[in-house]
1. Which pairs turn up if I take residues in the range A:385-399 that are within 12 Å of another protein chain (Cβ to nearest Cβ) and among the aromatic types (Phe, Trp, Tyr) and look for partners that are in a strand (DSSP E or B) and surrounded by fewer than 17 Cβ atoms within 10 Å (Cβ to Cβ) with beta carbon separation below 8 Å, at least 6 apart in sequence or on another chain?
2. Taking strands (runs of 3 or more DSSP E) that do not extend beyond the range A:249-309, which have at least 2 residues that are surrounded by fewer than 19 Cβ atoms within 10 Å (Cβ to Cβ)?
3. Among B:Arg55, B:Arg14, B:Arg6, B:Arg50, which is among the basic types (Lys, Arg), in contact (Cβ under 8 Å) with a residue 24 or more places away in the chain and more than 24 Å from B:Ala121 (Cβ to Cβ)?
4. How many residues does the range A:258-272 hold that are in contact with a helix residue (DSSP H, G or I) (Cβ under 6 Å, 6 or more places away or on another chain) and of a type outside the set (Phe, Trp, Tyr)?
5. Would you please name the residue that is farthest from the other protein chains (Cβ to nearest Cβ), looking only at residues in the range B:92-109 that are among the small types (Gly, Ala, Ser) and surrounded by fewer than 18 Cβ atoms within 10 Å (Cβ to Cβ)?
6. Give the range A:394-415 a look and list any residue that's modelled with pLDDT of 95 or more and of a type in the set (Gly, Ala, Ser), or say none.
7. Pick from B:Asp31, B:Asp38, B:Asp43: which is more than 29 Å from A:Gln371 (Cα to Cα) and of a type in the set (Asp, Glu)?
8. Which members of the range A:374-400 meet the condition of being in a loop (DSSP other than H, G, I, E, B) and not small (Gly, Ala, Ser)?
Amino acid sequence: MLTSDNTTPATTVHSTQSGRSLAEIRQDFPILARQVHGKPFIYLDSTASSQKPTAVLTAMNEYYHQHNANVHRGVYLVSEEATAGMEKARVKIARFINARQSKQIIFTRNTTESINLVAHTWGSANISSGDLIILTEMEHHSNLVPWQLLAQRTGARLEFVPVTDDGLLQLDVYADLLRQQPKLVAFTHMSNVLGTINPIHEMIAQAHAAGAITMVDAAQSVPHLPVDVQALDADFLCFSAHKMLGPTGIGVLYGKKALLEAMPPFMGGGDMIRTVKLRESTWNDLPWKFEAGTPAIAEAIGFGAAIDYLNALGMDNVRQHEREITSYALDALKAVPGLTIYGPEADQRGGVVSFTLADIHPHDLASILDQEVGVAIRAGHHCAQPLMERYDLAATARASFYIYTSKEEIDILVQGLQKAQHIFRF
Amino acid sequence: MSMDYREYILDHYRDPRNYGTLEHPDVHCEDSNPLCGDQLGMDLQIEGDRVTEVRIQGRGCAISQASASMLSEMIEGKTLEEVIALGKEDVLEALGIPISPARTKCAFLGLRVLHRGLAIAGLEQPQEDEDE
């Protein structure tokens, strides 16, 4: 079990959290105590965005109350505090994913921006007409559209690893595609629809053997299971704070140092430069070369507090809790007549379950669950339209879980589904 | 506010009125709701200044399909002037339940298809999309 990095006063109170009960953990999330439509609020949409513990809110509040100033410029005490707060968060994040150096952690707005950054900078410098980029059928739009745009700009080719009926990648096709000497392979670590945890360690090794660079969309994995970028040998890997107890508006691009150093900058502006003349400029060192303009300072500090919180719980415990809840949910949902679950069994799945219930449209299901039992689920195409098409679906309902999800909440979800069936009896 | 699925809404959903297509429609339009994937097509037969026949076809959630079915009943037999005047409040009145903000696009899909179809046929001025 990991221990907390006791460097931020606002969060040291959580350093003894390991072994705490679910009830105690839930008390750290004020929103879980509210009601909707006169019923307790049951949040089963953490895959879209997680809830935030008090420690994160307090850390951000404290920055605005006590340390608010711009970073990397002021020579006065408060600005130095702000800079230290932000850079300390970067170090925590680097340790959290076992990056060699904190300068490999580039702050972006979110996972989407991280992928766009690589597509624009590394992509422009390395991809040309006829080059092959391999993606998969289970990608979120954020790991499809930036590569489509790059392909349109450069004339590169896109090929896709198909998905089996059980929601797994067809790795034999992947191996075949790798023989066509791709320049880049981009894939998700964990599907936001099917919950599938892909064998990315092997996939990265195979891509490297084929001479390709790898981009891992880890938006769903870094919040939910231990991720070690050095063990994975990932070239690029990205994720967002708001899916892992942190605030919206900040995400991370991790990259190997040599790759990041060789890349041209992304956006131009303050902070990313070393010297500026009227007609030309030179660039700052990593990571700031990619961080133009005033960054999301409070958000970085909140992100750091979220990392402290997760470290105190231990990511192995986080994964263990979700495995139990997911397994419980799969059993409970399988017992509902007319319900179809998409994706693999619990051992290859994160805390995400997509399903349909007979002929009831997922949007009607989501509305009924909200009103009748106070359960928040996602309904729609989950920003993965090609995957929906693969299963010949317009939409699915999706329940997703996190550290605060209880078995009682799953029971209430099932009760809500039974109510929906009663209302929609055909 | 509770968006309850009243029996008459479910009835329109299970058994949509005027379901199908016309062989030679004077007005045809289809559209989808990108958020939910609701789809709806509408055919109109116009004789003189009157809409004499209407057919709808589509797939999607109960709110989108039931509201289109209800709208088709409002349209048939009405004068063009009356049909052009149909607005969101008419659809909401027919539904008779509060529609949560996230579901307004579902509720108004039929109305949107109707007015877009009439505009394409040159029978009314194109409408600007309003904020919802």
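1. Short answer, once both residue conditions are applied: none.
2. Hits in the range A:249-309: A:273-276, A:281-283.
3. None of the other options fit; the residue is B:Arg6.
4. Number satisfying all stated conditions: 5.
5. In the first step, residues of the range B:92-109 are kept if they are among the small types (Gly, Ala, Ser); the result is B:94, B:96, B:100, B:102, B:107.
In the following step, the residues that additionally are surrounded by fewer than 18 Cβ atoms within 10 Å (Cβ to Cβ) were identified as B:96, B:100, B:102.
Numbers: B:Gly96: 16, B:Ser100: 7, B:Ala102: 8 Å.
It comes out as B:Gly96.
6. Matches in the range A:394-415: A:Ala397, A:Ala399, A:Ser400, A:Ser406.
7. After applying the criteria, what remains is B:Asp43.
8. A:Ile377, A:His381, A:His382, A:Cys383, A:Tyr391, A:Asp392, A:Leu393 - these are the residues of the range A:374-400 that are in a loop (DSSP other than H, G, I, E, B) and not small (Gly, Ala, Ser).
The values are calculated or read from the model by the stated rules, or taken from the named source; none is laboratory data. Because the structure is a prediction, the values reported are computed rather than measured. Note: ideal-geometry Cβ built from the backbone for every residue, glycine included; neighbour counts use all protein chains shown.
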